[in-house]
Amino acid sequence: MNVNLEWYRVFYQVAKTGSLTRAAALLHITQPAVSHTLKQMEEQLGGSLFFRTSRGVQLTTEGEVLLGYIEQAFINVNMGEKAIAEMHNLDKGEIHIGASDTLCKYYLLPYLDRYRAEYPNIRIHVTNRTTPETIQLLKEGRIDFGIVSLPVMDKQVEVRESSAIQDCLVGGKGYSHLGNTIFTGEELEQYPILMLEKGASTRKYIDDYAAAHDMQIIPEIELGSIDLLLQFALRDFGLAFVIRDFVINELREGSLVEIPLAVPIPKRHVGVATLRGVPLSAASRSFLSLLPDHFSK
């Protein structure tokens, strides 16, 4: 059976108005076109849908049955259009974000606060994973975008830079006397080193930095998060490689001291990772527009 979907729209308007003339006016077509469409439908469906009365047209029994289904279909279409409009107007919807514990706490949270205040009806889902795991979640379609530590190299993923971050070496008050000592690889070997576990992007970045400058950095303690790393450093368990931007309060108050390196660690960036070629929802675009460098572009 080959019934044009536009025929159903004609049928619906005739059924609701009871008049071919009024239906034609609402549909912006001619009355003969309406009559021709109904005739085609009746031929395709194998039965009469209307009969004429002195006041216009009235549904047959078959027409009443068809109208029940068509009416529900148009209700669903209208609801769908309304839902899409609400999503574009950010009256409803949801976003799924992936980020590491560190980036979630020190970078993402302020933007989440702003977004929730501006769009209270958008549901926010955050999944905490390392940067490599966040990229995998993105490729599996389980998140809309990821907040990641750069660099990230993956042909399926588009990455745009946001804020710059600076890694540094710090120690607790027990190591405050080292604040004026410029550390080379040899000095590093004389003290216990605290680092993140392998698999974290920050750990890889520090390992690559050390390898590029012929430094041998063997951590005495490896931990699963920056927060734990800070707690151990504050208790003088050793010197820790951390992101300066995330310990600025501790450095200002003197509970941590930065130890200068002979070869400073190059700056890197926080980035937003999206799946290449996949368009973002209106809710995601509106969130990314809050971030530095206007990721909504």
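Residues Thr53, Thr274, sorted by accessible area with the largest first, give Thr53, Thr274 [1.4 Å probe; ligands and nucleic acids excluded]. In loop segments of segment 57-140 as defined by DSSP, the trypsin sites (Lys or Arg not before Pro) with at most 15 further C-beta atoms inside 10 Å of their C-beta are Lys92. Considering only Met215, Tyr191, Val159, and ranking their Cα positions along the charge dipole of segment 135-224 that arises from unit charges at the beta-carbon of Lys, Arg, Asp and Glu, the one farthest toward the positive end is Val159. Given a 1.4 Å probe and the protein chains all in place, what does the accessible area of Arg142 round to, in Å² to the nearest 10? Counting only protein heavy atoms, the figure is 140 Å². Label points 7 Å out from Cα along the Cβ direction at Ser176 and Gln231: separation in nm? The answer from the label model is 2.4 nm. Estimated from helices alone, the mean residue ellipticity of the chain at 222 nm is -12500 deg cm²/dmol (sum of -39500 (n - 2.57) over DSSP H runs with n ≥ 4, per residue).
Between Ser35 and Ile124, residue separation times 0.36 nm minus the direct Cα-Cα distance comes to 26.9 nm.
Gyration tensor over the Cα atoms of segment 98-167: the corresponding equivalent ellipsoid has semi-axes (square roots of 5 times the eigenvalues, largest first) of 21, 16, 11 Å.
In terms of overall dimensions, the chain has a Cα radius of gyration and Dmax of 31.8, 104 angstrom. Let me spell out the model: positive unit charges on the Cβ of Lys and Arg, negative unit charges on the Cβ of Asp and Glu, origin at the Cα centre of the chain. What dipole size does that give, in debye rounded to 20? Taking the Cα centre of the chain as origin, the dipole is about 1440 debye. Projecting the Cα positions of Phe241, Val263, Gly224 onto the charge dipole of segment 214-273 (unit charges on Cβ atoms of Lys, Arg, Asp and Glu, taken about the Cα centre) puts Val263 furthest along the positive direction.
Quick one: putting +1 on the C-beta of Lys and Arg, -1 on the C-beta of Asp and Glu, what dipole do you get for segment 60-168 around its Cα centre, in Debye to the nearest 20? My answer is approximately 440 debye. Non-local lysine pairs in the chain, meaning eight or more places apart or on different chains, with alpha-carbon distances under 18 Å, amount to 4.
Note that segment 247-297 presents 49 Å² accessible area per residue, ligands and nucleic acids not counted, probe 1.4 Å. Measuring nothing but protein heavy atoms, the accessible surface of segment 126-192 at 1.4 Å probe radius is 44 percent carbon and sulfur. Sorted into 10 angstrom bins from 0, the C-alpha pair distances of segment 1-72 split as 21, 61, 18, 0 percent.
Among the chymotrypsin sites (Phe, Trp or Tyr not before Pro) within segment 202-297, not one is in coil by DSSP while having at most 14 neighbouring Cβ atoms inside 10 Å. Quick one: angle between helix 31-45 and the longest Cα principal axis of the chain, in degrees between 0 and 90, rounded to 10, please. Taking Cα atoms only, the helix is inclined about 80 degrees.
The values are calculated or read from the model by the stated rules, or taken from the named source; none is laboratory data. No experiment lies behind these values; they were computed from the predicted model shown. Ideal geometry is used to build each Cβ from the backbone, glycine not excepted, and the neighbour counts take in all protein chains shown. Quick note on the areas: whole protein, heavy atoms, side chains included, nothing else; ligands and nucleic acids left out. Shrake-Rupley method; radii C 1.70, N 1.55, O 1.52, S 1.80 Å.
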